[in-house]
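Below: the structure, in structure tokens.
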Amino acid sequence: MITNHFQILFMVSILLPITALPVAPGNTVNLLGTSLEKDDGKILQRSKRGWMWNQFFLLEEYTGNDNQYVGKLHSNMDRGDGNVKYILTGDGVGSLFLIDENSGDIHATKRLDREERAIYTLHAKVVDKRTNKTLEADTEFNIKIHDINDNEPKFSKDIYFASVPEMSDVGTSVIQVTATDADDQTYGNSAKLVYSILQGQPYFSVDSDNGTIRTALPNMDRETKENYQVVIQAKDMAGQMGGLSGTTTVSITLSDENDSPPRFANHTFRLSTLESAEVGAAIGRIKANDADVGRNAEMQYSIVDRDGQDIFTIITDQNTQEGIIRVKKVQLDYERKKTFSFKVEVTNTYLDPRFMYSPNPPFKDDAMVRVTIEDVDEPPVFSRNPYIIEVHEDTAAGSFVGVVSAKDLDADNNPVKYSIDRHTDLERLFNIDSVNGTITTLKALDREMSKWHNISVVATEISNPRQTTRVPVFIRVLDVNDNAPEFAMYYETFVCENVKSGQLIQTISAVDTDEPLVGHKFVFSMSFSNPNFTIIDNEDNTARIITRRGGFSQREMNAYLLPVVISDNDYPIQSSTSTLTVNVCACDSGGNVQSCNTEALLSAGLSTGALVAILLCVIILLMIVVLFAALRRQQRKKEPLIISKEDVRDNVVSYNDEGGGEEDTQAFDIGTLRNPEVMDANKLRRDIIPEMLFPFGRTSPIKDNADVRDFIHGRLHENDSDPTAPPYDSLATYAYEGSGSLAESLSSLESGATEGDQEYDYLSNWGPAFKKLADMYIGKDTERET
């Protein structure tokens, strides 16, 4: 076949000798041997023999039907007599490569792909078939797969994403895309790639050698067009006709730059708010538009007119980039000013110096804002807040304290009435005139009781009582010297019997509840001359008590009463006389008290406080004993059915105790239920205490009452006409069957007219179970007979 001849020729043409030996004229070279031979048959021997080739070449992607011929192995040891055997080992031998052991021809059994494997390494040797002796040593050689252009270029991604700043200069690099070709790059142009742009012109271009995409137009504006789709092609064979190609798509986004200034869509905004809007309250929003996005679209607003800066402020809502106008510091007042007009300016927060001096208009914008104040019915306003008023103590009731004033600032100027919140004046010390707001006293004030009075005055619009305002009024009570000084404490003063003249026995001081402006200054003196003691004023609001003689005796006088006059220095001067009790005591030589004329407890060292505590304990114990005795007595006393005869209310008496049977004759007299004709006419009610010494005689019921109904009517009439009957309802139950029954009465109450008619002897025959009952009734009959 032509292909095999070509391969054989190709193989032969590239086999090169490993060593070059000088060749005589007329010798031939055996490419597959290791020796040279002359025409005369004389062999020239080498010092070292070996194979003189190292690789074969084989085209990939063979499409023939027969095995593909690779090449031929031949040794000069092969004389053609069939005694030489060629052996092939290595990669793919037996599966991919086969060798004819007699001729040394090598064939490929399958179609090979260079991209899967480019070189196969094999080993060849020659042996003697008869002796199996190695004739040629094992030698390594390669079969290299020759490349053909059977692979197209491929990009690593089907789609690439890239971005480039808007307004970039021409030639700005965007992204580099590269493709790979699996063909052999060292052979021919099968892997030599050329890049071109199929879609995306005239905005972008691509470098044909390395695939770098660059901008091709100046001033590309993101606000005009943001996204671009660019298709790049890579073609092998250096872009020549017949080459294979691959494509990819690049999505290019223009990133934002701050090249667009903010702009107001409307240059006049009209807002309105109530005059009652508090400081800090939002009254409206304005909005400027910026075509940029993100950080480049952030804006800040400012008020540039003085008229608006003092009244309003504006901040930016970071979420919506709106300007929020708020009340700044001054409370709005419809009556004072009804409209405000001011200019608002907007700029970007972050500016790009590259675009600030562009030929476009200035990089900011402004608008006029007009705010209309709406009237609100406001509560009255006091002229001051708070009020501080001073008044002297001991001022008579009805005296003037001060005046508060409030006014309705609305256009209607509604009249106002005044009142005091009584929760702040629980003692009702003050009153206020509802018309003119004059505060007066209802009681005399005492500074020593309370120095300040804090009340709340309420002003209310007469036409709209819901509009009220309250103001605190602090009333300070000024001091008047109306309290005299007195001893600062109770003094227990004693003098020893052996005291000497001129000895100090007590130092006294005074207190005054008044508070003069210059401070207290007390003067101590005695109301009359005393031969035993004298007083010396220390002029520091204290005084000393000094003895004027010695030799005091308990037998002569056990105590002395010393009146001390204490005066202050305020106007008007107040003074009081306090009595100091000086007890005479027996003392030792050191002046220590041994005994006084007081009680034994005091002599034992107990103070007055201890004696008072002991006395209180004794009184408490006595009260406990008396209370306990009263409770025991009350428990023993049975409460009467009717606590007071003056109680004329209806009473329901509950009888929840079990009676003692027929022997119990103290609760109710049931004899009348046995037969109305045998009722005891002189029987009294036993559920109340009789009010008369002699009982009131009651007439017997009509003898011919044949039925309980007539009996009850008779008793009812009798009680209604009885002047001694108690003034409350009484309930009686009569268990009488009545004479109209065929069975007559089923009760044992009619078994006899009296209890004596009953015979109980038969009970003794009923056995032990009724022995107790028999003893009760039989014994009762016996006692009655006796």
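Structural remarks
- Local net charge near Leu332, Cβ-Cβ under 13 Å (Lys/Arg +1, Asp/Glu -1): -2
- Dividing the mean sequence gap of close Cα pairs (under 8 Å, 6+ apart) by how many residues region 486-595 holds gives a relative contact order of 32 percent.
- Sulfur and carbon atoms: percent of accessible area, region 154-255 [1.4 Å]: 46
- Of the three principal axes defined by the Cα atoms of region 404-550, the extents in descending order read 90, 25, 20 Å.
- Counted by Cβ distance under 11 Å from Thr180, the other residues give a net charge of -3, where Lys and Arg count +1 and Asp and Glu count -1.
- Cut-off under 5 Å, modelled amide H: who pairs with Tyr62 long-range: Leu112
- With all protein chains kept in place, the per residue accessible area of region 381-478 amounts to 55 square angstrom at a probe of 1.4 angstrom.
- Summing +1 for each Lys or Arg and -1 for each Asp or Glu among the other residues whose beta-carbon sits under 12 angstrom from that of Val565 gives -3.
- Above-threshold pairs, the threshold being 21 Å between Cα atoms, out of Lys154/Lys225; Lys343/Lys364; Lys225/Lys287; Lys72/Lys129: Lys154/Lys225; Lys225/Lys287
- Using a Förster distance of 35 Å, the FRET efficiency for Arg422-Val279 (Cβ separation, nearest 0.05): 0.60
- Amide N proximity, region 245-283 versus Thr172 label position 7 Å along Cα-to-Cβ, cut-off under 14 Å: 252-260
- DSSP-loop GluC sites (Glu not before Pro) across region 251-301, with at most 10 other Cβ within 10 angstrom: Glu278
- Computed with a 1.4 Å probe over protein heavy atoms only, the accessible surface of region 263-374 comes to 56 Å² per residue.
- Inter-label distance for Ala769 and Gln318, nm, one decimal - labels placed 7 Å from Cα along Cα-to-Cβ: 10.1
- For Ile389, nonlocal amide neighbours, meaning residues 5 or more places apart or on other chains whose placed amide H falls under 5 Å from its own, are Phe474, Ile475, Arg476.
- The H on the amide N of Val70, modeled in the peptide plane, is under 5 Å from the matching H of Ile106, His107, Ala108, each at least 5 residues off or on a different chain.
- A full extension of the chain between Asp394 and Ile573 corresponds to an added length of 62.8 nm, given 0.36 nm per residue minus the alpha carbon distance.
The values are calculated or read from the model by the stated rules, or taken from the named source; none is laboratory data. Given the structure is predicted, the values throughout are model-derived calculations rather than measurements. Using ideal geometry, Cβ is built from the backbone for each residue, glycine included, and neighbour counts are taken over all protein chains shown. Please note that ligands, DNA and RNA were not included when accessible areas were found on the heavy atoms of the full protein model with its side chains. Shrake-Rupley method; radii C 1.70, N 1.55, O 1.52, S 1.80 Å.
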